[in-house]
Amino acid sequence: MKHKPRVPTPEDFPAPSHSPLVAARLGLWLGVAFGLCFVTGLLSHYIQHPPGWFTWPTRPVNLYRVTQGVHVLSGIAAIPLLLGKLWSVYPRLFVRPPLRQPIRLSAHILERISVLVLVCAAFFELVTGLFNVAQSYPWGFFFPTAHYAVAWLVVGALLLHIAVKLPVASAALRTPLRREDVGEAASTGRDDRDSSGRRAFLRTSAGVAGVAVLATAGVTVPWLRRVSPLAWRSASGPQGIPINRTAAAARIVVPPDWRLEIVWPGGRGTLSLAELTALPQRTAELPIACVEGWSVSANWTGVPVVQLLRRAGAPTGRPVRVSSLETDGLYAASTLPAAHAGDPLTLLALRVNGEELSADHGYPCRLIAPSRPGVLQTKWVARLEVLR
Ligand SMILES: Nc1nc2c(c(=O)[nH]1)N[C@H]1C(S)=C(S)[C@@H](COP(=O)(O)O)O[C@H]1N2
Ligand SMILES: [Mo]
């Protein structure tokens, strides 16, 4: 028998996974994953670029470690869920709206454009996020800015998509997987086959997302380290902590006459390393929690920043700018908000896990503060400046 070539219609894709019952459930899971990813990403952005109204608590000490772990792992879970969802709905690309109703046609085209924006933006976020976690930047733009801007595009397009699909999706979610029509009488053999096909597809999608999370969660959940073959960072760096930027890469040379400089409006003081070491020390277990999702706890020993300021006669209760010996580099300095600067667990650390800080971990001293992104835990500190 000869067929004339023709454009397919959705009826040409009979697999049970191409069902609104499947698409709506995957959409719901994906919505939860994207929602978690967006909220935790927004928090991370605000912590690094705080608007005036924003404050981030210093306790629990692992708070940022948890929110950023959720950010990266929900993004990883979203990758297989998004692929499954696209598989489930792609036959709808071949829906042909009636051409004779121009209003419906233009609404249809607008809706399709918003879906295109959603899919492209979502892929952009997931792929750039994955590359960032792998510390690979095969592109010309600055990752944090682009990743943040496109996140808003995803949220906008997603809200529009949810609004448009709400009637269909909520009906589909209320329909049990076994029947296509709620009012249907006794199920036929074909229904049974379809329903087990739909279940199998959903189970596989959830399973793949679960395995992806387990295979990577060891980067931040210590008791999962042994079951996470794809964890991109572990506790195996020098002194038990990975290093993102080495002293050599940052071209750090500690001058033999290194002194810590403390500056405030109307005053200035300095301390030698011997003087710092002679001050009362505090030891605390605090995590390094990188924005890339990896995190490791360690025992840090040093002088609380608030004690240093008091001793120098500088005012407290204000933000403090922490600068390093690095002359360039994006992370050469960071600002402690007033709450973090005043927290007794915010240390200028001299030792980690009982040893003097190695050059790569920030010798002669580094900042380590509770509930703070790794990128703001400045190494090779040279200067503290109390801001107004
Ligand atoms: N001066 C300086 N401090 C820095 C960085 C840097 O590039 N320069 N990198 C930061 C980042 S991104 C992280 S995750 C932590 C890593 O700390 P570690 O090398 O002790 O593990 O240091 C932070 N402190
Ligand atoms: Mo980092």
Top mean-square fluctuation among PRO102, PRO315, PRO265, Gaussian network model of the chain, C-alpha springs under 10 Å?
PRO102
The helix 20-48 Cα axis meets the longest alpha-carbon principal axis of the chain at an angle in degrees, between 0 and 90 and rounded to 10, of 20 degrees
Sites ARG268 and PHE124, calculated FRET efficiency, Cβ-Cβ separation with R0 56 Å, nearest 0.05
0.75
Mind checking region 1-93 for chymotrypsin sites (Phe, Trp or Tyr not before Pro) that DSSP puts in a loop (not H, G, I, E or B) and that have at most 15 other Cβ atoms within 10 Å?
TRP53, PHE54
Mean-square fluctuation check for the chain, GNM, Cα pairs under 10 Å: which of HIS340, HIS161, HIS108 is largest?
HIS108
Just to confirm a number: summing +1 for Lys and Arg and -1 for Asp and Glu over residues other than GLY267 whose beta-carbon lies under 14 angstrom from that of GLY267, what do you get?
+4
Quick calc, PHE94 & ALA200: beta-carbon distance into FRET formula, R0 22 Å, rounding 0.05, result 0.35
Starting from the Cα of LEU28, move 7 Å in the Cα-to-Cβ direction to define the label point; list residues of region 133-169 whose amide nitrogen is under 17 Å from there.
162-163, 165-169
Among ARG310, ARG366, ARG259, whose mean-square fluctuation peaks in a Gaussian network model of the chain (Cα, cutoff 10 Å)?
ARG310
In degrees rounded to 10, the 0-90 angle between helix 102-133 Cα long axis and the longest Cα principal axis of the chain is 40 degrees
In the neighbourhood of HIS340 defined by beta carbon distances under 14 Å, the net charge of the other residues (Lys, Arg +1; Asp, Glu -1) is +3
To the nearest 20 debye, the chain has a Cα-centred charge dipole, built from +1 on Lys and Arg Cβ and -1 on Asp and Glu Cβ, of 800 debye
What accessible area per residue, rounded to a whole number of Å², is obtained for the chain using a probe radius of 1.4 Å?
51 Å²
Summing +1 per Lys or Arg and -1 per Asp or Glu among the other residues with Cβ less than 12 Å from PRO287's Cβ gives +1
On Cα atoms only, tilt of 189-216 relative to the major axis of the chain in degrees:
10 degrees
Would you mind telling me the antiparallel percentage of the DSSP bridges in the chain, rounded to 5?
90 percent
Which percentage, to the nearest 5, of the DSSP beta bridges contained in region 239-386 is antiparallel?
90 percent
Along Cα→Cβ, 7 Å out, is where each label goes; now give me the distance between the ones at ARG225 and ARG383 in nm to one decimal.
3.8 nm
Inter-probe distance in nm under a simple model that places probes 7 Å from Cα toward Cβ, at ASP192 and THR9:
3.0 nm
Set the Förster radius R0 to 22 Å, insert the Cβ-Cβ distance between ILE113 and TRP152 as r into 1/(1 + (r/R0)^6), and round the FRET efficiency to 0.05.
0.80
For region 336-351, just list the computed ³J(HN,Hα) in residue order, Karplus coefficients 6.51, -1.76 and 1.60, θ = phi - 60°, integers in Hz, with x standing in for Gly and Pro.
7, x, 3, 4, 6, 4, x, 6, x, 8, 7, 10, 9, 7, 10, 9
Only Lys, Arg, Asp and Glu count, each charged at its Cβ (+1, +1, -1, -1), so figure out the dipole size of region 1-135 about its Cα centre, rounded to 20 debye.
480 debye
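The values are calculated or read from the model by the stated rules, or taken from the named source; none is laboratory data. Here the structure is a predicted model, which is why all the values come from computation and not from measurement. In this analysis, Cβ positions are derived from the backbone assuming ideal geometry, glycine residues included, and neighbour counts consider all displayed protein chains. All accessible areas refer to the heavy atoms of the entire protein, side chains included, with ligands and DNA or RNA removed. Shrake-Rupley method; radii C 1.70, N 1.55, O 1.52, S 1.80 Å.
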